[in-house]
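The values are calculated or read from the model by the stated rules, or taken from the named source; none is laboratory data. Remember, predicted model here, so these are calculated numbers, not experimental data. Cβ coordinates were reconstructed from backbone atoms using ideal geometry, including for glycine residues, and neighbour counts include every protein chain displayed.
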Amino acid sequence: MQADLSPVIAATAQWLTRAFPASGGALASALCEVQARQAVTVAAWLRYPTEMDAALVGMAGPGGSARLDWLTGADASLGDDVDAHAWRTWVDEVVASWAASLLTDPELAALAVAALAEGSHSTGTPAEFRRLVAPDDSDQRAAALLRHPDLLAPVAGLHQAQLLARLHPGRTLIA
């Protein structure tokens, strides 16, 4: 049984960086990927806080990117080569939505990183998520599309209410 979320994190981060690519060259691509991976890692660890949760998603699978592809228009460019896109089956729609929310709201990202202390994945060191919670100018430029609130709104809005409920349990939240 697989209790590791790395396939979900890798596929979902890859989906985000393909849907909202870096602005610039190789360094910008690397900075964009790091930010996406950090956001997806936080989202995945919040979504699947225990080893049992991670094992269950590893066994059942996360659902894939079909709805996200349709929402962003990426489904039109996929073509017929299913094997070339097999990684998309490991994309988790909820994790992608939560990551999009974190990427567009630094305060929410900081709250989410702080909430990781409750789970079993993190060592509790927020420094490992610096590019997510405190991006500098080069991070912002590299990930201009990945952090653009209007562009990510359709993805973020899919499951943002669940993220807010997870971070603010027991509070009535107005969407």
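Data table
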read-out: Count of segment 14-34 residues which are part of a helix (DSSP H, G or I), crowded, with 16+ Cβ neighbours inside 10 Å and not β-branched (V, I, T); value: 9
read-out: First in segment 26-40 and touching a residue at least 40 places away in the same chain (Cβ under 8 Å), second anywhere and acidic (D, E), Cβ under 9 Å, 6 or more apart; value: L31/D139; C32/D139; V34/D139; Q35/D139; Q38/E128; V40/D92
read-out: Any hit, segment 79-89, residues being surrounded by 23 or more Cβ atoms within 10 Å (Cβ to Cβ) and either basic (K, R) or at pLDDT 95 or above (or both); value: no
read-out: Condition met for G119 (under 23 Å from L31 (Cα atoms), modelled with pLDDT under 95 and out of contact with any His (no Cβ under 6 Å at 6 or more places or on another chain)); value: no
